[in-house]
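Quick notes on the structure that follows.
The values are calculated or read from the model by the stated rules, or taken from the named source; none is laboratory data. Everything numeric in this text was worked out from a predicted model, so none of it was measured. Neighbour counts run over all protein chains shown; Cβ positions are idealised from the backbone, glycine included. Accessible surface areas use protein heavy atoms only, side chains included; no ligands, DNA or RNA. Shrake-Rupley method; radii C 1.70, N 1.55, O 1.52, S 1.80 Å.
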Amino acid sequence: MKQELNRLSLEKSPYLLQHQANPVDWRPWGDEAFALAKAEDKPVFLSIGYSACHWCHVMERESFADLAVAAELNKRFVCVKVDREERPEVDRFYMTALHALGRQGGWPLTMWLTPDRKPFFGATYMPPDNLKAVAESVETLWKTRRAELEASAAAVLGHLAGLSGGWGEGAPAGLKVLDHAFDRMRGDFDPEYGGFGGAPKFPQPATLAFLLRYSDRTGDSRGTAMAVKTLRAMADGGIHDQVGGGFHRYSTDETWLVPHFEKMLYDNALLLRVYTEAHQVTGAQDMADTARSIAGYMLRDLRLPGGGFASGEDADSAGVEGKFYVWTPDEVAAVLEGRDCDVFCWLYDITEGGNWQSAEGGPAGNRSIPRRVRSLAEVAEEFGLSASEVQRIADQGLAALLEERSKRERPLKDDKVLASWNGLAIASLAYAGRVLEEPSWVEAAETAAWFVLTRLFKDGRLLRRWRDGESRFPGGLEDYAFLADGLIDLYEATFKPRYLTRARDLAVRMKALFEDERGGFYSTGQDEKDVPLRLKDTGDAALPSGNAAAARCLIRLSEFYGERAWSESAEKTVRAFSGLLRQSPEALPCMLAVVDLLAGPRDHLIVAGDGPVTHAAAARFLPRAALASAGSCLPMTLGAAQVKGRSLVYVCRGKTCLPPASTVEELDEELART
């Protein structure tokens, strides 16, 4: 008998739609669900996840599709399902509450709430028997010891209220905090495989970018060495999709071999930028090659009709995690012949024994996740070939495998467009396209910006999500900050003033909606009541800190417009987190970058005119510099790029003295003269 659809069938979120046929009587987050809980005097069972999450799929199959489990949940609670990517403010609040309850975070996030949205118990993934037992215990406690549960909820809220008050105790954080952070990162660094700590390992692009900047400021090359070691290990590992480009979410092991196979837009956008920055610092071609791999994946597989970028792709295909991405030698031999197959498999560690097997079964036999375990020179020596011939075999083999892989059942694509994540993609494509002289990337960033600016605004306010013709949910701090910062990068790549103007407008609205007069920014607007408290995100997690992004954006705009008040707002934001910066600086790499930026001397972007740029030509144009722009590029001795025929010269920290920032109108006049 066909399962009747629940209320999630009316939603647009791919994640919520994955649960529309569950026997659980799911409701979307909103006032209606909590009014029902109050009327029926029941707790709310809250489940939060996202479309690409492997363990969310497991819990859906094991627990939420189970009739017995559903009957228990429906009888005892009002059940609410949330897509954490659509409602990050809801996810952030209850994940922080879970930590306050002394539990490890993760997704799926499972919480029990009072009818007034206060959390009193939580967990993450729960198998069926465990979930049924806990559900019964929660209902019993609700009926017999409610005062204790409500006291627990009140204590959690009190703790969260203390966190939202800020971390600004003591003197403002100075440059010494950068040294402290570096020492902490160095102590956690894995010298054998790169990265930080043990398994599981996350790429941490913000930390890697900080290390590059720290080496530039101090002359201590160890920061750059740590970053490059990590970036190369990731690029060679299974976390990097060697065949199709782009990176998976994180590695389950310390060697970067076995990822959870979901691919997220934000991960790839942030990694595109840091690989580009590493190329700027080192001149290493492999850093640029990996950046091109990432951009190629984003533009081929995540770009949607109209130019916006999808949120990501699932880990699973055909019900098995990773099945889409793995190979046997026989499968490679079906598309590559003879020695080419042998060379390719040797280079990419594709063996009869395999290096991976799905824990959930799937096709018979072990399979291999392609990874680079040998250099071109080593493979060339093994087969008596030249390195260039091995490279030819690798390039042709990857193209052939990509075409063959396209015939497999693909993982589900989460095709909702998020303003914040598209802001990150716009920033990285504009920046990398400018540096690596890839004008098509800049054009893609422009198209994505146009998509967001035309589809995700209503009554002057930015909205968070677009999908299937529907724009919905008020934008949060990260939406405003990431998009504004991306538009500044796009302006610097194109010199079209409209992007800078829209970034300024977003920053003005961002300050009005989210700024705390004591310093820093709340994640939600003043008029939003979906969660019991307004919180400030304190550190970098999967996404950069919204507070750090807001501060960086304001510093950059203050340079363009000469608005000292905006720079002062950034300084107040840093002071608001100065206590946390001194206590755990390694947890706030994006805020550390703001400390570095505020300390100066600033990085500069110089408009140098038309024609090819040489050092001599740059020197000739420097006296006519139109603008100094904070944070526009990584410091370099002197480098150049061309965008649409206009040459740019980048001059590193303070080595060239520039006049104070002019207004945009003066800049336009200067550009016309140039």
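Ranked from the most accessible area to the least, with a 1.4 Å probe and all protein chains present, what is the order of 414, 183?
Per-residue accessible area, sorted high to low, gives 183, 414.
Can you pull a Stokes-Einstein diffusion coefficient for segment 469-569 at 4 °C (1.567 mPa s), Rh from Kirkwood over Cα pairs, as a whole number of µm²/s?
Value of D from the Cα-based Kirkwood radius: 92 µm²/s.
Run through every distinct alpha carbon pair of segment 290-377 and return the Kirkwood hydrodynamic radius in angstroms, one decimal place.
Taking every pair of different Cα atoms in segment 290-377, averaging 1/r and inverting gives 15.0 Å.
Top to bottom by accessible area (1.4 Å), largest first, where do 572, 75, 536 land?
Values: 572 65, 75 115, 536 15 Å².
If we order 572, 75, 536 from most to least accessible, we get 75, 572, 536.
Over the chain, what relative contact order in percent results from Cα pairs under 8 Å that are six or more residues apart?
Details: 1312 pairs, mean separation 78.4, N = 674.
Across the chain, relative contact order equals 12 percent.
Name the residue farthest towards the positive end of the dipole of the chain from the options 17, 208, 581, assuming +1 on Cβ of Lys and Arg, -1 on Cβ of Asp and Glu, about the Cα centre.
581
From the Cα trace of the chain, what convex hull volume per residue do you get, rounded to a whole Å³?
On the way: hull volume 107.9 nm³, N = 674.
Enclosed volume per residue, from the Cα hull, is 160 Å³.
Can you work out the FRET efficiency for the pair residue 150 and residue 561, with r the C-beta to C-beta distance and R0 = 51 Å, to the nearest 0.05?
Once the sixth-power term is evaluated, E becomes 0.55.
Please express the shape of segment 22-103 as an equivalent ellipsoid: the semi-axes are the square roots of 5 times the eigenvalues of the C-alpha gyration tensor, given largest first in whole angstrom.
Equivalent-ellipsoid dimensions as semi-axes: 19, 18, 12 Å.
What accessible area per residue comes out for the chain, rounded to a whole number of Å², with a 1.4 Å probe?
Values: 25430 Å² over 674 residues.
Here the residues of the chain average 38 Å² of exposed surface.
Picking from 338, 271, 238, whose Cα lies most toward the positive end of the charge dipole for segment 219-341 (charges on Cβ: Lys, Arg +1; Asp, Glu -1)?
Sorting the options by dipole projection puts first 271.
Tell me the carbon and sulfur percent of the accessible area for the chain, rounded to whole percent, probe radius 1.4 Å. All intermediate terms of the calculation are to be shown ahead of the outcome.
Details: 12960 of 25430 Å².
Looking at the chain in its full context, I get 51 percent from C and S.
On a C-alpha basis, how far is the centre of segment 268-332 from the centre of segment 448-484 in Å? Whole number, if you could?
So the two Cα centres are separated by 25 Å.
Through the Karplus equation 6.51 cos²θ - 1.76 cosθ + 1.60, θ set to phi - 60°, convert the phi angles of segment 277-284 into ³J(HN,Hα) values in whole Hz; use x for Gly and Pro.
5, 5, 5, 4, 6, 9, x, 6
Tell me, what ³J(HN,Hα) does each residue in segment 484-498 have, in order and in whole Hz, if you take phi through Karplus 6.51 cos²θ - 1.76 cosθ + 1.60 with θ = phi - 60° and put x for Gly and Pro?
Once rounded to whole Hz, the list reads 4, 5, x, 5, 5, 4, 5, 4, 5, 8, 10, 6, 9, x, 4.
Could you give the spread of the C-alpha atoms of segment 290-335 along their three principal axes, from largest to smallest, in whole angstroms?
Each principal axis gives a Cα extent; for segment 290-335 these are 39, 26, 18 Å.
Leaving out same-chain residues fewer than 8 places away, which lysines sit with a Cα under 28 Å from that of residue 38?
Excluding near neighbours in sequence, the set is 12, 75, 81, 118, 132, 143, 529.
Round to a whole angstrom and tell me the spacing of the C-alpha centers of segment 364-408 and segment 1-61.
Here the answer is 44 Å between Cα centres.
Can you run phi through the Karplus equation (6.51, -1.76, 1.60; θ = phi - 60°) for segment 243-248 and list ³J(HN,Hα) in whole Hz, with x for Gly and Pro?
Running phi through 6.51 cos²θ - 1.76 cosθ + 1.60 with θ = phi - 60° gives 7, x, x, x, 10, 7 Hz.
Hey, got the dipole for the chain? About the Cα centre, +1 on K and R Cβ, -1 on D and E Cβ, debye to the nearest 20?
Dipole about the Cα centre, nearest 20: 1600 debye.
Please report, in whole Å³, the volume per residue of the convex hull around the C-alpha atoms of segment 192-273.
Taking only Cα atoms, segment 192-273 has a hull volume of 80 Å³ per residue.
Cut-off under 18 Å on the C-alpha distance; same-chain residues fewer than 8 positions from residue 496 excluded. Which lysines are left, in chain and number order?
Here the lysines satisfying the reach criterion relative to residue 496 are 644.
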